[in-house]
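**Student:** Take a look at the following structure, please.
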Amino acid sequence: MSPRMPTPVETGSVTDREFTITWSDGHRSRYTWQRLRMGCPCARCKGEWNYRPDPLTDREVPPTIRATSLTRVGAYALRFVWMDGHDTGIYPFPLLRLELCECEECVARRAAAAPGAPSA
Amino acid sequence: MVTREQVLEALKDVQDPELHRSIVDLDMVKEVAISDGRVRVDALLTISGCPLRETIVESIKAKVAALPGINTVDVNLGVMSQEQRQGLITKLHGGQTASAFKGPGSFLGPNSPTRVIAIASGKGGVGKSTVTVNLAAALSRLGHKVGILDADVYGFSIPKMLGVHGRPTLIDQMIIPLERDGIRVISMGFLLPDEDQAVIWRGPLLHKTLTTFIGEVHWGEDLEYLLIDLPPGTGDISLTIAQTLPQSYMLVVTTPQDAASQVARRSAKMAEKVNMEVIGVIENMSYFQPTPKDPPVYIFGKGGGAKLAAEIGVPLFGEIPLDQSVREGGDQGRPVMLTTPNSPAALAFRSAAEKLRSAVPVPARA
């Protein structure tokens, strides 16, 4: 993460309907809890070099899933404890900002950059 | 005749030698009795075996005796009860009962004045610990309050290099760092039965030790610089530091040779991943000069530190020459910075310390 990478200045509460982050550059990210859980980057969910699990889908992760708490990890990540007991996912800020943010702007940007996307 | 208030006012200047706070503020003065020229002070120590009890008695006597009309000062020492100790710890944690992790007096708080600098190298044997103790000594000589957290749990060498041995005082769960030449120090070496013991642990225990060193050690709210001597590499300990501290900086140490600077670059890579700002590079063992008249001999090559600094995009804080006195200072527990402050190596350390403090200045003291 470069020092210029924006960092969260405010995070929403686990009791909110959607999770939100306001970044140091003013961007407001929002996340549905279900997709946030499916995006867990830990080795158990995403695998490691000799272990390749199938990606989590909405069959394993119910739409009602919620985090029960979250903490900041050092200066670079957030960690959620989920109501299914899962707590090993450390979400670095670039992942939250660049890959998981579900605001319209970010969704459109990722769609445009995806391979096979129709060129404008 | 003096009043109780005058005595208490005089005692405000008496500090607990380990906690660095006034014994009055810490509620350690239990009673003051005055009759004619005679004053009796009842004070409570945190623990019964307090190694510095004589120091406290002497300072109390000196302060009270300086008041007008006092002939005799008696000091009675007692020991705090469990509740009183808990109250004291709460006070030291800035009014919070939980661990030091969130107290405003802790450098883990968002507004802490303490600048935390992790000293990393990637490779072993380049002189991280030597650089750490000498930078600490240099910062201390520049008038700063400095601490060293020896995070090299397996290969700790700070106790020997700084000549500080013994056991830290424990006040319940709070650990008081040892102190030498004004530098507060905590190291795994102080917790082992003797310093020749080997630490043979896996990751989780390392993690616990480090979080204890960070959260349960009373570094003092006046601490300005905490230097963390990391072990080589980018493993468990470095990761724990990165995950525990909300803000810290990294200083990379290398020797001029490619084999070292190339590995050091990976420490900088890690810093980038965990959002730690690299503030500079120090090149150690840069050259050898038998006498000032001789040309320098570049035993380990030349320019590795400058090249690394340019690649990372940070300043080179200094090139420390190879000097027998640096090694001797380390082995004798007297850093060269303190024994021969005008030697070329010590001057290089001093200049590096000056660059460090301009890169991460501490807030002006009130």
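**Student:** Mind listing whichever residues of the range A:76-113 are of a type in the set (S, T, Y) and within 18 Å of A:M5 (Cβ to Cβ)? Before the answer, list the steps.
**Tutor:** Keep residues of the range A:76-113 that are of a type in the set (S, T, Y), which gives A:76, A:88, A:91.
The answer is A:Y76, A:Y91.
**Student:** Moving to a separate point now. Just a yes or no: is a residue in the range A:64-72 closer than 25 Å to B:A268 by Cβ and surrounded by 13 or more Cβ atoms within 10 Å (Cβ to Cβ)? Break it down into steps so the answer makes sense when it comes.
**Tutor:** Start the filter on the range A:64-72 by keeping residues that are closer than 25 Å to B:A268 by Cβ, which leaves A:72.
Those left that are additionally surrounded by 13 or more Cβ atoms within 10 Å (Cβ to Cβ): A:72.
Taking every residue of the range A:64-72 in turn, at least one turns out to be closer than 25 Å to B:A268 by Cβ and surrounded by 13 or more Cβ atoms within 10 Å (Cβ to Cβ).
**Student:** Something else about it: Given (1) more than 14 Å from every other protein chain (Cβ to nearest Cβ); (2) on the phi < 0 side of the Ramachandran plot; (3) out of contact with any helix residue (DSSP H, G or I) (no Cβ under 8 Å at 6 or more places or on another chain), identify the lone condition not met by A:G85.
**Tutor:** (2)
**Student:** Here are some residues: A:Y51, A:Y76. Which one is within 14 Å of another protein chain (Cβ to nearest Cβ) and of a type in the set (F, W, Y)? So that I can check it myself, show each step before the final result.
**Tutor:** Working: A:Y51 fails: within 14 Å of another protein chain (Cβ to nearest Cβ).
Within the list A:Y51, A:Y76, the selection yields A:Y76.
**Student:** Separate question: Give the residues of the range A:1-15 that are exposed (fewer than 13 other Cβ atoms within 10 Å of the Cβ) and away from every other protein chain (no Cβ under 14 Å), sorted by residue number.
**Tutor:** Taking the range A:1-15 and keeping what is exposed (fewer than 13 other Cβ atoms within 10 Å of the Cβ), we get A:2-4, A:9-10, A:13, A:15.
Passing the criteria: A:S13, A:T15.
**Student:** Tally time: how many residues in the range B:248-265 are farther than 11 Å from A:G74 by Cα and within 14 Å of chain A (Cβ to nearest Cβ)? Please lay out each step first, then the result.
**Tutor:** Of the range B:248-265, the ones farther than 11 Å from A:G74 by Cα are B:249-265.
With within 14 Å of chain A (Cβ to nearest Cβ) added as a condition, the list becomes B:249-250.
Selection size over the range B:248-265: 2.
**Student:** Can you name the condition, by its number, that B:A268 falls short on among (1) over 27 Å from B:G143 (Cα atoms); (2) away from chain A (no Cβ under 14 Å); (3) in contact (Cβ under 8 Å) with a residue 24 or more places away in the chain; (4) assigned to a helix (DSSP H, G or I)?
**Tutor:** Of everything listed in (1) over 27 Å from B:G143 (Cα atoms); (2) away from chain A (no Cβ under 14 Å); (3) in contact (Cβ under 8 Å) with a residue 24 or more places away in the chain; (4) assigned to a helix (DSSP H, G or I), B:A268 misses just condition (2).
**Student:** Sticking with this one: List the pairs whose first member sits in the range B:60-77 and is more than 15 Å from B:V29 (Cβ to Cβ), whose second member is modelled with pLDDT under 90, and whose Cβ atoms are under 7 Å apart, counting only residues at least 6 apart or on separate chains?
**Tutor:** B:P68/B:V2; B:G69/B:M1; B:G69/B:V2; B:G69/B:G37; B:I70/B:V2; B:I70/B:G37; B:N71/B:G37; B:T72/B:G37
**Student:** Specify which of the listed residues (B:L226, B:L245, B:L191) is touching a residue at least 60 places away in the same chain (Cβ under 8 Å), more than 14 Å from chain A (Cβ to nearest Cβ) and surrounded by 17 or more Cβ atoms within 10 Å (Cβ to Cβ). Break it down stepwise before answering.
**Tutor:** Details: B:L245 fails: more than 14 Å from chain A (Cβ to nearest Cβ); B:L191 fails: touching a residue at least 60 places away in the same chain (Cβ under 8 Å).
It is B:L226.
**Student:** Would you check if there is a residue in the range B:268-280 being of a type in the set (G, A, S) and surrounded by fewer than 16 Cβ atoms within 10 Å (Cβ to Cβ)? Before the answer, list the steps.
**Tutor:** Of the residues in the range B:268-280, the ones of a type in the set (G, A, S) are B:268, B:271, B:280.
Filter once more, so that each one left must be surrounded by fewer than 16 Cβ atoms within 10 Å (Cβ to Cβ): none.
No, the range B:268-280 contains no residue that is of a type in the set (G, A, S) and surrounded by fewer than 16 Cβ atoms within 10 Å (Cβ to Cβ).
**Student:** Would you kindly identify the helices (runs of 4 or more DSSP H) lying entirely within the range B:282-366 that contain at least 2 residues that are surrounded by fewer than 19 Cβ atoms within 10 Å (Cβ to Cβ), touching a strand residue (DSSP E or B) at 6+ places or on another chain (Cβ under 7 Å) and of a type in the set (G, A, S)?
**Tutor:** Details: elements: B:304-312, B:324-332, B:336-339, B:344-359.
Those helices (runs of 4 or more DSSP H) span B:344-359.
**Student:** Given B:G155, B:G166, which one is closer than 27 Å to B:E221 by Cβ and part of a loop (DSSP other than H, G, I, E, B)?
**Tutor:** Values: B:G155 fails: closer than 27 Å to B:E221 by Cβ.
Only one candidate qualifies: B:G166.
**Student:** Out of B:K145, B:K160, I need the residue that is touching a residue at least 60 places away in the same chain (Cβ under 8 Å), within 11 Å of the chain's Cα centre (by Cα) and over 20 Å from B:I241 (Cβ atoms). Which one? Break it down into steps so the answer makes sense when it comes.
**Tutor:** On the way: B:K160 fails: within 11 Å of the chain's Cα centre (by Cα).
After applying the criteria, what remains is B:K145.
**Student:** For residues that are part of a strand (DSSP E or B) and either at pLDDT below 90 or not acidic (D, E) (or both), tally how many sit in the range B:32-58. Quick ask: steps written out before the conclusion?
**Tutor:** Taking the range B:32-58 and keeping what is part of a strand (DSSP E or B), we get B:32-35, B:38-45.
Remaining after also requiring either at pLDDT below 90 or not acidic (D, E) (or both): B:32-35, B:38-41, B:43-45.
The number of residues fulfilling the criteria is 11.
The values are calculated or read from the model by the stated rules, or taken from the named source; none is laboratory data. As the structure is a computational prediction, the values presented were derived from the model and not from experiment. Neighbour counts run over all protein chains shown; Cβ positions are idealised from the backbone, glycine included.
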